[in-house]
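Structure first, then comments.
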Amino acid sequence: MQRNSLSSATIVSQINNIDIVLYKGDITFVEEIAIANAANSSLLGGGGVDGAIHYRAGKQLKQECWEIFKKEKGCKPGHAKITSGGNLPAQYVIHTVGPVWHNGVRNEDIVLGNCYKNSIIVAEKNKISGLIFPSISTGIFGYPVEKAAEVSKIAVSSALENSKFLKRVGWCLFDRVTYMAYEKAWSTK
Ligand code: ADP
């Protein structure tokens, strides 16, 4: 069933009794407890998925991000910070800052893996049962999508081994090419 520009979730795997799911469409319509945001270091909003999340979440999200910016100078690449979801269907947004792609010579794979691992750590600390990511870094930040899908699969799989609260984790992918890259990554061992 389609709801606005969002497909229903497809379960592509299970790790530690946690369903791994893929949605296709706009993450701002995802009705899970938490979504992740591919933010920039200031956390004060940007383009792409960040812009869409801030637009639909409204003023409260901006205010909470502004507080994090003042107190903690935003968020470093690979780290993750939590806010409420404002007007989004999701109750929480976990903001993480992906690496900018520099041909793979600046530990981009490690930083991208850390985005997923640290977001999962934040979700567990907050007893969150469902978390859906966008395809971090593969838009404006230029990370090749097939590589990103592989790196994120490895990072998420290892981070979920010790999870207690998460029951559903996955991605909401905006376009067909990105969806197919993640579907392919999860269909291979
Ligand atoms: P980054 O700066 O980390 O590359 P972008 O927002 O530019 O982040 O892109 C990350 C991914 O998010 C891309 O695949 C882009 O197509 C996708 N995207 C953009 N808007 C949305 C949205 N509303 N919902 C889900 N994914 C989105």
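Any read-out appearing in this document is the output of simple, stated calculations on the displayed coordinates, not a laboratory observation. Computed from a prediction, not measured in an experiment: that's the story for all the values here. Cβ placement follows ideal geometry from the backbone for every residue including glycine, while neighbour counts extend to all protein chains displayed.
Some notes on this structure:
- Filtered by the rule that a residue be away from the ligand (no atom under 12 Å from the Cβ), surrounded by fewer than 20 Cβ atoms within 10 Å (Cβ to Cβ) and outside any loop (DSSP other than H, G, I, E, B), segment 161-178 gives 161, 162, 168.
- Put simply, of 52, 38 the only residue that is surrounded by fewer than 21 Cβ atoms within 10 Å (Cβ to Cβ), among the aliphatic types (A, V, I, L, M) and near the ligand (Cβ under 7 Å from one of its atoms) is 52.
- First in segment 49-60 and touching a residue at least 60 places away in the same chain (Cβ under 8 Å) and part of a helix (DSSP H, G or I), second anywhere and of a type outside the set (A, V, I, L, M, F, W, C) and within 8 Å of the ligand (Cβ to nearest atom), Cβ under 8 Å, 6 or more apart: 49/134; 49/139
- For first residues located in segment 20-48 and closer than 15 Å to residue 137 by Cα, partners that are within 12 Å of the ligand (Cβ to nearest atom) and polar (S, T, N, Q) and lie 6+ apart or on another chain with Cβ distances below 6 Å form the pairs 36/96; 46/40.
- Filter result for the condition that a residue is away from the ligand (no atom under 14 Å from the Cβ), in a helix (DSSP H, G or I) and not β-branched (Val, Ile, Thr), over 155, 181, 149: 155
- Exactly one residue out of 151, 122, 111 is β-branched (Val, Ile, Thr), touching a helix residue (DSSP H, G or I) at 6+ places or on another chain (Cβ under 7 Å) and over 16 Å from residue 50 (Cβ atoms), and it is 151.
- Count of segment 1-35 residues which are buried (at least 18 other Cβ atoms within 10 Å of the Cβ) and among the small types (Gly, Ala, Ser): 3
- Subset of segment 55-96 (residues that are away from the ligand (no atom under 15 Å from the Cβ) and aromatic (Phe, Trp, Tyr)): 66, 69, 92
- Considering residues of segment 120-144 that are within 16 Å of the ligand (Cβ to nearest atom) and free of Cβ contacts under 8 Å to residues at least 60 places away in the same chain only, the residue surrounded by the most Cβ atoms within 10 Å (Cβ to Cβ): 138
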